[in-house]
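Chemist: Supplied in structure tokens, the structure appears directly below.
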Amino acid sequence: MNAIVALCHFCELHGPRTLFCTEVLHAPLPKGAGNGDSPGQGEQAEEEEGGIQMSSRIRTHSPAEGASAESSSPGPKKSDMCEASVSQGCRSLAAGHPGYISHDKETSIKYVSHQHPNHPQLFSIVRQACVRSLSCEVCPGREGPIFFGDEQHGFVFSHTFFIKDSLARGFQRWYSIIAIMMDRIYLINSWPFLLGKIRGIIDELQGKALKVFEAEQFGCPQRAQRMNTAFTPFLHQRNGNAARSLTSLTSDDNLWACLHTSFAWLLKACGSRLTEKLLEGAPTEDTLVQMEKLADLEEESESWDNSEAEEEEKAPVLPEGAEGQELTKCPTDFSLHLDCGNWQPRKLSVFKSLRHMRQVLGAPSFRMLAWHVLMGNQVIWKSRDADLVQSAFEILRTMLPVGCVRIIPYSNQYEEAYRCNFLGLSPHVQIPSHVLSSVGPTILNKMEAALTNQNLSVDVVDQCLVCLKEEWMNKVKVLFKFTKVDSRPKEDTQKLLSILGASEEDNVKLLKFWMTGLSKTYKSHLMSTVRSPTASAS
């Protein structure tokens, strides 16, 4: 994730200051930045937090090198920092300490931590975010998370908090942890994750500081001592303890190494939890229907009928084994029984694709099955193997618009066609008998042409099915507006069907069935439009 995480502190002498920041480097480190990686100059360690492993090396340089790096740094001057001889409240790493670096073995990305960014532009961005987080951009109560920023200076997630200090005014000091990035949407979507993880880091810091505070108060209570001291200007009361270092407040000499590990893991984990998907063009009818179903489920989740829950609880325990298979397809008024025992079901666990199913069933049986699926007739699959039935329905449903699919995966009794068009039954269940004969719609011929073309991979065949469904759903939309919205006469409807290339009886039946799969969004949009003058005149 292209972001910077920083720890900031409000110094009573110098105001807001950046103490420690971690940034991501995708390119090789600058020349000289990795000199300490040679044997004998660094300490190799393995850091692991939250399941993410990184190779970490603490780099060290000679005092001369450190002084050179400090002099060329875009950071604040030494006169603007708390004096190291007295305290280090405005400083995290000692002069000459180059910082910490972790190598992500999976992505070859480096996470570097130091006092402040070396790049002047990044230093300016972090500096401004630090000042705003500890001055003007404050949430009610002063402690807590807040969001601010703009396109020019980046967007910031800031969490302010207090650290206990027995020698400070009010017995506490003010800090903040900030996460800066240029992608506003990504940062907002990461808010819950960042809030939880950063809150955990803050709790750990506050817990360590509280133990030190209580120990100091037990040994030398400052409140009583201050009340017994005559009033003098505050600057003289501090006795040089106005800016104690965070390592002193927490009594943790490894504090900055631990913060580096936490910040590096935070950047790694936050960048891995969200992925982007590029969507081209308007959403398909399947996408709209899926979104509507999800919205309906969310609205009705608290008011589902108990009867539906009871039906699910009564689902039968499925027997193992897959000895004789029986495949039956029946619409509301007729049915055809197929004996599929000759394709050795014991050797078949699940169906993998439409092409695989066609090879197993054979071309004639598959064509008959596909015809019933496309026409909206009820497809009943009887078997002892529930996994086989489930895989068959998952494959067959790809032939239909999402709104036309109603599945009952496995039942111990027959269900009417209005409840489902895909029904799985155990072998002993009796089903109605009907009569069936037809030649098939045009789209079936195109589907079979794609399935029989061995030059097309399975993925290409899947995309062909998507294109065919959208092509015929567009015909359905035109027919819906023509007949339901404009109320055109039958003669005009026949002319339209002829233009659409769907005037045959099977094609008309298919279009009428697929019309039930149109999204509510599309229907309501058409119904709200003004009827055409031709329709009004008729």
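Chemist: Residue by residue, what Karplus-based ³J(HN,Hα) values in Hz, rounded to whole numbers, does the stretch 408-417 have, using 6.51, -1.76 and 1.60 with θ = phi - 60° and x for Gly and Pro?
Modeler: 10, x, 7, 9, 9, 8, 5, 10, 5, 5
Chemist: Tell me, in nm to one decimal, what length is gained between N412 and K352 on full extension, where the rule is 0.36 nm per residue of separation less the Cα-Cα distance?
Modeler: 19.0 nm
Chemist: Calculated FRET efficiency, C136 and E216, Cβ-Cβ r, R0 41 Å, to nearest 0.05?
Modeler: E(calc), rounded to 0.05, equals 0.80.
Chemist: Please give the FRET efficiency for L456 paired with N2, using the beta carbon to beta carbon distance and R0 = 41 Å, rounded to the nearest 0.05.
Modeler: 0.55
Chemist: Using the basic label-point model (7 angstrom from Cα toward the beta carbon), what is the E470 to I188 distance in nanometres?
Modeler: 2.8 nm
Chemist: Can you work out the FRET efficiency for the pair E491 and D150, with r the C-beta to C-beta distance and R0 = 41 Å, to the nearest 0.05?
Modeler: Values: r = 62 Å, r/R0 = 1.52.
According to the calculation, E is roughly 0.10.
Chemist: I'd like the carbon and sulfur percentage of the solvent accessible area for the stretch 456-530, probe radius 1.4 Å, heavy atoms only, ligands and nucleic acids excluded.
Modeler: Whole-percent figure for carbon plus sulfur exposure: 59.
Chemist: Give me the one-decimal nm value for the distance between modelled label points at R419 and C258, 7 Å along each residue's Cα-to-Cβ direction.
Modeler: Result: 6.1 nm between the two label points.
Chemist: Just subtract the alpha-carbon distance of D387 and H119 from 0.36 nm times their residue separation and send over the number in nm, one decimal. Write out the running numbers ahead of the final one.
Modeler: Details: separation 268, 0.36 × 268 = 96.48 nm, distance 5.87 nm.
So the extension gain works out to 90.6 nm.
Chemist: Report the charge-dipole magnitude of the stretch 409-501 in Debye, nearest 20, computed about the Cα centre from +1 at each Lys and Arg Cβ and -1 at each Asp and Glu Cβ. Could the numbers behind the result be given before it?
Modeler: Details: 10 positive and 10 negative charges, 80 e Å.
Here the stretch 409-501 has a charge dipole of around 380 debye.
Chemist: Next question. Ordering K495, K490 by how much accessible area each has at a 1.4 Å probe, largest first, what is the list?
Modeler: The ranking, largest first, comes out as K490, K495.
Chemist: Let me ask another. Using 15 Å as the cut-off for backbone N distance, which residues of the stretch 450-493 belong to the label zone defined by a point 7 Å from the Cα of A363 along Cα→Cβ?
Modeler: Within reach of a label on A363: 450-455.
Chemist: Quick check for me: using +1 on Lys/Arg Cβ and -1 on Asp/Glu Cβ, what's the dipole size of the stretch 119-191 about its Cα centre, in debye to the nearest 20?
Modeler: Around 320 debye, computed over the stretch 119-191.
Chemist: Just want the answer: with Cβ charges of +1 for Lys and Arg and -1 for Asp and Glu, which residue in Y410, S426, V360 is farthest toward the dipole's positive end in the stretch 354-442?
Modeler: So the residue furthest toward the plus end is V360.
Chemist: May I pose another question? Multiplying the sequence separation of T516 and L297 by 0.36 nm and subtracting their Cα-Cα distance, what value in nm do you get?
Modeler: Taking 0.36 nm per residue and subtracting the Cα distance, the gain is 76.9 nm.
Chemist: Tell me which residues come under 5 Å, amide H to amide H, from S245 once H is placed; ignore anything under 5 positions away on its chain.
Modeler: Sorted by chain and number, the residues that satisfy this are Q88, G89.
Chemist: Something else: When a/c is below 1.5 the answer is rounded, else prolate if a/b is larger than b/c, else oblate, so apply that to the stretch 456-530 with a ≥ b ≥ c taken from the square roots of the Cα gyration tensor eigenvalues.
Modeler: Here the stretch 456-530 falls in the oblate category.
Chemist: For a test of the definition: using alpha carbon positions, the gyration tensor, and the 1.5 limit on a/c, classify the stretch 354-442 as rounded, prolate or oblate.
Modeler: Because its axes are fairly even, with a/c under 1.5, the stretch 354-442 counts as rounded.
The values are calculated or read from the model by the stated rules, or taken from the named source; none is laboratory data. Please read all numbers here as calculations on a predicted model, not as lab measurements. FYI the Cβ positions are ideal-geometry reconstructions off the backbone, even for glycines, and counts take in every protein chain you see. Heads up: the accessible areas ignore ligands, DNA and RNA and are worked out on the full protein's heavy atoms, side chains in. Shrake-Rupley method; radii C 1.70, N 1.55, O 1.52, S 1.80 Å.
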